[in-house]
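So the structure is just underneath, and the comments pick up after that.
Please treat every number below as a calculation from the coordinates, not as lab data. Since this is a predicted model, take the numbers as computed values, not measurements. Methodologically, a virtual Cβ is constructed for each residue, glycine included, from the backbone with ideal geometry; neighbour enumeration extends over all protein chains shown.
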Amino acid sequence: MIDNFSNSQITRKEVIVTKGGVVAAQHRRAAEIGAAVLEAGGDAVDAAIATSFALGVVEPWMSGPAAGGAMVLWRANESRAQVINFGCRSPRELNPADYPLSGSGKSSDLFPWPAVVEDRNVMGATAVAVPGVVSGMDLAHQHFGKMPWRDLVTPAAKLADEGLIVDWYTSLVIGANGRVLSKDPDCAALFLEDGQWPIAGDWTALNDRHLNQKAFARTLEQIATQGAETFYKGDVAQALVRDVRAKGGSLSLEDLAAYQAEMVDPLAFNYRGGRVFATPGLTGGPTYARALELLEKEFSPAKGIPGAATYTGYARALDAAFKLRFENMGDHESPKAPGCTTHFSVVDRHGNMCSVTQTLLSIFGSRVVSPSTGLLLNNGIMWFDPEPGKPNSLAPNKRCLANYCPVIGQDDAGRLFAIGASGGRKILGSVMQLSSFIMDHGLTLEQAFHQPRIDVSGGAKVIADRTLPAEVMEALAQVMPVAVARRNAYPYAFACPAGVMRDGDMNMGCTEIMSPYGDAVNEKL
């Protein structure tokens, strides 16, 4: 679909270069908290932990302690990358027979699986998987943290005690999902007023309305003072399990007590004279690596703004990589669905880096709130194919297949970058193109984030940014059908990335230019 809007409106984000550390996140308030940790002498990992918990407060529909994800780390003194995998798992007591196919077509949400009776794998407590964020942050802190755990979680607890302001964007996101949020009484009580979506007020009025996140604040205070153990074995675990099981879910104390985030070696490979490190296993990492491998054969790199040969190479490489993913990994996510994910990247003054993606899966996850803890819960069970006998079929105590793809790379000039994105299946193409802009074309971080992108994610067509030149559009049309889209604030046609770069001893960060709250915040020196 070609829109009729003119090209006269230009949105830009300035990238500031500094010797201090930088946090780039989808919400500036969370990035500020991470940058404050760097100013206090914290490591990039410390800043990542503080940012992670803060994002759960200011973007509750995207992630939180009840989410899953992965972190790629770069340790400057060792010139070494490592991965912490804290993806969700299915509960041990989950019975696939409790998710019978309805025979009424496809699922109502992200994945076009066969529909399950009452959408039990999509919404409600039956869709909740074992969360991993708290364990992942704890594992990172054990190995690399410099500051006390309590000092890293407490800022998020204070944010939650204040409550997220209900501004225009919060109202937009809640309003767009008001119908499903109303199905769980505790979810409705948190996000809705009298069954209606919160209004930010008259368009000329000052806004001072906040969500009541007091219960969430108390949970964060417990995690801050008692450590991650309370989430998996202590009072928070007991309250969370009690609430989920009261609503019909199968999450158990045994599930939480047995959960352990894992530190593993990254998926590492050479590209264009540089080196890239991605998440291995059931993530977007292997598909990203395959896409870059294919891309290396598509065109010869040239410094400067990418042209038609680059974009047609992107289209062919992504199309082939996704076909392989569908065949081998069983991921059939709808390319139209936005997903519910957040990404942030950190670099400290010493050159240590973190690239972190965490997700509730769907927007607002399972649309269920645990009243005792104030946590909005994931719907990780939807990651599994409900039809038996498939590569990713639903089963108990099984790791979820996910699309998140945080990466760290180094180009042939020695520049280091940490990037990732939110946006469901669109993540892979976004991260691949940003990597290529930097590694193939030598673009600065600011240039890369402003450069138009395309999306090819299994839909047998190219979604192209309408600002691409005519010759690029014409070349893409020779590869596969082209649909033109605007780069909007909501929804995101081309994913929502965030990244940092280190060039020599200078650091910088940037976020998706259309993200209204996404920003890079520098440590004050």
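Per-structure values
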item: Per-peptide average of other Cβ atoms within 10 Å, ordering 416-427, 460-471, 298-309, 12-23 highest first; result: 416-427, 12-23, 460-471, 298-309
item: Three-way shape label, region 74-139, alpha-carbon gyration tensor, a/c 1.5; result: prolate
item: Gap separating the Cα centres of region 342-357 and region 71-134, nearest whole Å; result: 25 Å
item: Cut-off 12 Å between beta-carbons: net charge of the residues surrounding Phe494, Lys and Arg +1, Asp and Glu -1; result: +3
item: Sites Glu193 and Ala97 - FRET efficiency at Förster radius 41 Å, r taken between beta-carbons, to 0.05; result: 0.55
item: His210 long-range amide H proximity, modeled H, under 5 Å; result: Val166
item: Calculated Rg and Dmax of region 412-498 using C-alpha coordinates, Å; result: 13.1, 38
item: Distance from region 485-519 to region 277-294 (C-alpha centre basis), Å; result: 21 Å
item: Phe269-Val117 FRET efficiency (beta carbon distance; Förster radius 35 Å; 0.05 resolution); result: 0.20
item: Quarter of Cα convex hull surface for the chain, i.e. mean projection, nm²; result: 22.4 nm²
item: Sites Arg245 and Arg80 - FRET efficiency at Förster radius 45 Å, r taken between beta-carbons, to 0.05; result: 0.60
item: Cβ-based net charge around Lys146, under 12 Å, with every Lys or Arg adding one and every Asp or Glu removing one; result: -4
item: Protection-proxy order for peptides 482-488, 37-43, 276-282, each taking the mean of Cβ atoms within 10 Å per residue, highest first; result: 276-282, 37-43, 482-488
item: The chain, dipole about Cα centre (Lys/Arg Cβ +1, Asp/Glu Cβ -1), debye to the nearest 20; result: 540 debye
item: Amide N proximity, region 370-401 versus Glu262 label position 7 Å along Cα-to-Cβ, cut-off under 20 Å; result: 380-385, 391-401
item: Inter-label distance for Arg209 and Glu471, nm, one decimal - labels placed 7 Å from Cα along Cα-to-Cβ; result: 5.2 nm
item: Spatially proximal lysines relative to Lys390 (Cα-Cα < 25 Å; intrachain offsets below 8 disregarded); result: Lys106, Lys323, Lys336, Lys398, Lys426
